[in-house]
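Only one structure is covered here, and it is reproduced in the block below.
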């Protein structure tokens, strides 16, 4: 997996019921090759009430396969694959293959 996607990256969904929607990565689950994206792939969970929170039917994000999302470049605002390059000081950075800008 490497540096392809990170937490707080903006991504677009490539397939499934939410195809074409964009959102921010909330959580990476690398052992399962999945990500949680804000307001994408919402499912209903029936929960029992506790002393701290009431029960009911809650909507929450379900994990998506990493292969179903693609990074959106913050500069050109288009879905892109990123490449890893080294700066002159030896630091690794991600670079947009479309516009050539560094993805922070």
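The values are calculated or read from the model by the stated rules, or taken from the named source; none is laboratory data. Since this is a predicted model, take the numbers as computed values, not measurements. With ideal geometry, Cβ positions are generated from the backbone for all residues, glycine too; neighbour counts draw on all protein chains shown.
Observations
- Flag set for residue 39, criterion: closer than 16 Å to residue 7 by Cα and either at pLDDT below 95 or within 18 Å of the chain's Cα centre (by Cα) (or both).
- Of everything listed in (1) closer than 19 Å to residue 103 by Cβ; (2) outside the structural domain of residue 104 (by TED's automatic domain parsing); (3) modelled with pLDDT of 95 or more, the single unmet condition for residue 78 is (2).
- Flag for residue 17 being outside any strand (DSSP E or B) and surrounded by fewer than 10 Cβ atoms within 10 Å (Cβ to Cβ): yes
- Residue match in the range 40-63 (condition: closer than 27 Å to residue 98 by Cβ and not in a strand (DSSP E or B)): yes
- Each residue in the range 19-42 was checked for being without any contact (Cβ under 8 Å) to a residue 24 or more places away in the chain and more than 15 Å from residue 72 (Cα to Cα), and 5 pass.
- Within the range 25-39, the set of residues being closer than 23 Å to residue 83 by Cβ, surrounded by fewer than 14 Cβ atoms within 10 Å (Cβ to Cβ) and in contact with a strand residue (DSSP E or B) (Cβ under 8 Å, 6 or more places away or on another chain) comprises 33 only.
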